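Reviewing the structure listed below.
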Amino acid sequence: MKTKFDFAALAGVLTWLMVYGISIFILQRVQPGQSQWLIHLLFLIYGGLFIVLTREQSDFGLRGRFGPPLLTLQLLLAFALLWLLPGRYFEFLPILTVIWAAMLPFVMRTVQAMLIVIIVVASWFIIVAWQSGNTVWITALLYGSFHLFALLVQSSTRDAEAAKEELEQKHQQLLATQQLLQAASRQSERTRIARNLHDVVGHHLTALTIQLQVASHITEGEAKIQVDKCHQLAKLLLSDVREAVSTMRQYAGVTLLDAITPLLALLPERLEVKLQIPPDITLNDLHQAQHLLCMVQEAISNSLKHSGASQIHLIASVKQQQLQLVIYDNGSLAPHWQPGNGIKGMQERLAECDGHLQLGKQQQAIQLTITLPYIESENA
């Protein structure tokens, strides 16, 4: 997936720059000659926090570890500007909290965000009323509606992005499952052909070989020589058929590497996947392969949504007839992390395949160790 340009973030930056520029222009007219370094500093920090928070994947982004504290600091900066600037000249300052409110849906649920916005707007205009000594409830209602509008629009955007990500994940699973079904279909057809070769052609060649061997014993001279040559050719042909049957059965499965590759095709560029999967590990059981792919997809989704990782590792090996797949990333777990529905779903899938899941830690991130019985390919 290509990195998309965030026009909403650009609009926020341009709005902040406009509020900043107009505020400084008015301040120079109202308070000429006074030092304005603190106002400059507060505006610049506010804008810098907005730019950092709207980065897609970062510990300091909205979905990162430090996102909520930085969002709180940004709100405090807006209130600090309200406190320092003369209210009668800067009635447009609530635009700063409108920008702030538009980011709330990405760190909390919509209902919670609406309650917080109502409290923030009420607190803001209580301060404005105290500063001016006037009733400002009409202005408060108007700006409050702007706040809720911005919040609900961004909430819809968040839901649309979540639906798009889920659709892309389903598409990846569909591609991987399609490849498995194609492999299963090829395997079934090869097995059918191999069985027919072995049971029909092989049987007739064996009978022919025996008949030629008998004919060799009851003939003499030039006829015996020709019969012996036919006997040798029949034996050679029987050997070739058996070898062809063995080969068709042996390479009927799909490799683990080929099965996982479609899952990685549509991942965001911000997540780098490191694969250590031997090319000779095959998936010879379709039911087991489908469960394994779903678990890999779930692990990748967790890394994208929860850990803030930029790199994920998948390491596969076969030891003592057991397929082991280790998955970990370079992200970080929440302080009081508990297994959710995704982990429970993995455990249920593994229970159906006689496998098990082991949870561990790799530095600050979770490490998943999936163990399954390794089913060897069938040979004739």
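Some observations on this one:
- Label-to-label distance, ILE22 versus GLN347, with points set 7 angstrom from Cα along the beta-carbon direction: 5.6 nm.
- If you take all other residues with their beta carbon under 14 Å from the beta carbon of LEU350, and give Lys and Arg +1 and Asp and Glu -1, the sum is -3.
- Computed extension gain for LEU359 through GLN34, at 0.36 nm per residue and net of the alpha carbon distance, reaches 110.9 nm.
- Maximal additional length on extending the VAL111-LYS224 stretch stands at 31.1 nm, based on 0.36 nm per residue less the C-alpha distance.
- Total formal charge among the other residues, if their Cβ is under 15 angstrom from that of THR209, Lys/Arg +1 and Asp/Glu -1: +1
- Once both labels are positioned 7 Å from their Cα atoms along Cα-to-Cβ, the gap between HIS287 and ASP240 label points is 4.0 nm.
- The Cβ shell under 9 Å around ILE312 holds other residues with a net charge of -1, Lys and Arg each +1, Asp and Glu each -1.
- Taking label positions 7 Å along the Cα-Cβ direction at both ILE126 and ARG88, the computed distance is 2.5 nm, reported to one decimal.
- Taking each residue as 0.36 nm, the span from LYS274 to PHE60 lengthens on full extension beyond its C-alpha to C-alpha distance by 74.6 nm.
- Separation of the range 30-106 and the range 212-238, taken as the distance between their Cα centroids, equals 96 angstrom.
Coordinate-derived values only; no laboratory data. Note that the structure is predicted; figures quoted are calculated from it, not measured. Reconstructed Cβ throughout: ideal geometry from the backbone, glycine too, with neighbour counts over all protein chains shown.
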